[in-house]
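Below is one structure, written out as structure tokens, with a few remarks after it.
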């Protein structure tokens, strides 16, 4: 005991060890202070004792430099394979092969960049699986013929989506390099990546255009700090000069100081157009500056949009409130960011009593793209005689609305034409609306598909007539009807249902509006849950 504190055996050994020269002292310190196993130490000593080894010749600064060099050597060796003549000629003209490889690459990148169920990249595991299957197909193509190797491997390596436990595996993998365009790194646990690790990875893939860093599943968010977040943004700004879109997925308990660090970007990012942030509370604010404890950096002059949304878990579980909001830079307001898109979820009867303050009405006035998810269930409340506010006032506040996506989750077909449903508020929609996409998600099967579509068609045409009174600029109407399997049905599927909605079809034809309708019969309640937007 020293001063009432117990000295550990390791500390005691370090303090009492004496060596005859500084080199041995450094080796002892390496063994005591690091977590390197004994075998690795023995290998290191064999290298140091080798007469061919000279410390003056070493140019590597860290392990990342070594891995980068190895990756470059692998890349040069694989280039040699391309130049070696094959033993048999290709049976398919190479122009056809090249076209097929390009088509697969485009499809893979399109899948990885879609706006999925949770509003963020690659949150839908089924879509990620499809993306991986295409990548595996491209890798298999690279083995068919030597003349296919280079283009197929580059196409497969244009997308990097991995768990980020060991970043050095990516650095030394010759599949990824200057041709990599999209990168998705999911950090599952501690320790967090170091500056040298991120710097080496980003330098090996300098032309990435879309970057996703997912920290949502890190258990101990106390390890997050402003300095770590600032380091990440500095690495991005220093090395990824061509990045156009960055997505941060954070744990919902991440402090605001950390978010400010991720948005610091101390260096110029000349092509950055979009930032997406998942894992923060969504408020109906007039601008995104409340996200930072400091002003938005001036280095983001090219930034055009900022998207903010709830964490994936809250996104699914919340049944009332705002899921996400997007801001765009408006040239008419001297480059300030204004609200552009809103994802809102509500239910019956809360939708009847919804009231809006003047500040919220001001924010809604600039919203151009609106998603409303409304759940309506039997017996929750009696229809009031004089409802205050409601969805009518919500729609009236959206003066600049261009597109509306409406999801109605119904426990009963009686709710299709409910007096205070969003359909009955179409007479309050702005005449600026051009696109309507309405999905009816039915919680219970009906006797026939025709019965369901007839009820929907009758309620829908009433809503369209209400909208017609506003003299709208409507150009397109899309209808999805999603229902579970009925009795006697053996399998699900989808079909064109335009002929099942004759009243709506006739209204669209008479008003020169493009019309499409699809009925989807799903085989499980899980499918119904994932049919939400």
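Yes or no: residue 408 modelled with pLDDT under 90, crowded, with 19+ Cβ neighbours inside 10 Å and under 30 Å from the mean Cα position of the chain (by Cα)? Considered against the rule, which asks whether it is modelled with pLDDT under 90, crowded, with 19+ Cβ neighbours inside 10 Å and under 30 Å from the mean Cα position of the chain (by Cα), residue 408 comes out as yes.
Hey, any hits in segment 250-257 for a residue that's under 23 Å from residue 216 (Cβ atoms), modelled with pLDDT under 90 and surrounded by 20 or more Cβ atoms within 10 Å (Cβ to Cβ)?
Here is the first cut: in segment 250-257, the residues under 23 Å from residue 216 (Cβ atoms) are 250-257.
Now restrict to residues that are modelled with pLDDT under 90: 250-257.
Right, trim to surrounded by 20 or more Cβ atoms within 10 Å (Cβ to Cβ) and you get 250, 254.
The answer is yes, given that some residue of segment 250-257 is under 23 Å from residue 216 (Cβ atoms), modelled with pLDDT under 90 and surrounded by 20 or more Cβ atoms within 10 Å (Cβ to Cβ).
Filtered by the rule that a residue be in a helix (DSSP H, G or I) and surrounded by fewer than 19 Cβ atoms within 10 Å (Cβ to Cβ), segment 462-473 gives 462, 465, 466, 468. Only one of these conditions is not met by residue 141: (1) at pLDDT below 75; (2) under 18 Å from residue 99 (Cβ atoms). Which number is it? Unmet for residue 141, out of (1) at pLDDT below 75; (2) under 18 Å from residue 99 (Cβ atoms): (1).
Within the group 204, 233, 225, which residue is farther than 21 Å from residue 68 by Cβ and at pLDDT 85 or above? I'd like the intermediate steps shown before the answer.
Numbers: 204 fails: farther than 21 Å from residue 68 by Cβ; 225 fails: at pLDDT 85 or above.
Within the list 204, 233, 225, the selection yields 233.
Of the listed requirements (1) within 47 Å of the chain's Cα centre (by Cα); (2) modelled with pLDDT under 75; (3) over 28 Å from residue 175 (Cα atoms), residue 71 misses just one: (3). The lone criterion from (1) within 15 Å of residue 269 (Cβ to Cβ); (2) crowded, with 18+ Cβ neighbours inside 10 Å; (3) free of Cβ contacts under 8 Å to residues at least 40 places away in the same chain left unmet by residue 170 is number (1).
For (1) modelled with pLDDT of 90 or more; (2) at negative phi; (3) under 36 Å from the mean Cα position of the chain (by Cα), each residue gets a yes or a no:
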{"site": "439", "(1), (2), (3)": "yes, yes, yes"}
{"site": "442", "(1), (2), (3)": "no, yes, yes"}
{"site": "465", "(1), (2), (3)": "yes, yes, no"}
{"site": "471", "(1), (2), (3)": "no, no, no"}
{"site": "495", "(1), (2), (3)": "no, yes, yes"}
{"site": "499", "(1), (2), (3)": "no, yes, no"}
{"site": "507", "(1), (2), (3)": "yes, yes, no"}
{"site": "520", "(1), (2), (3)": "no, yes, yes"}
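Does residue 280 fit the bill of being in contact with a helix residue (DSSP H, G or I) (Cβ under 7 Å, 6 or more places away or on another chain), more than 30 Å from residue 357 (Cα to Cα) and outside any strand (DSSP E or B)? Here the answer is no, as residue 280 does not meet what is asked. Going through (1) within 17 Å of residue 439 (Cβ to Cβ); (2) touching a strand residue (DSSP E or B) at 6+ places or on another chain (Cβ under 7 Å); (3) at pLDDT below 90 one by one, residue 527 falls short only on (2).
The values are calculated or read from the model by the stated rules, or taken from the named source; none is laboratory data. For clarity, every value in this text was computed on a predicted model and none was experimentally measured. Note that we place each Cβ from the backbone using ideal geometry, even for glycine, and neighbour counts take in every protein chain shown.
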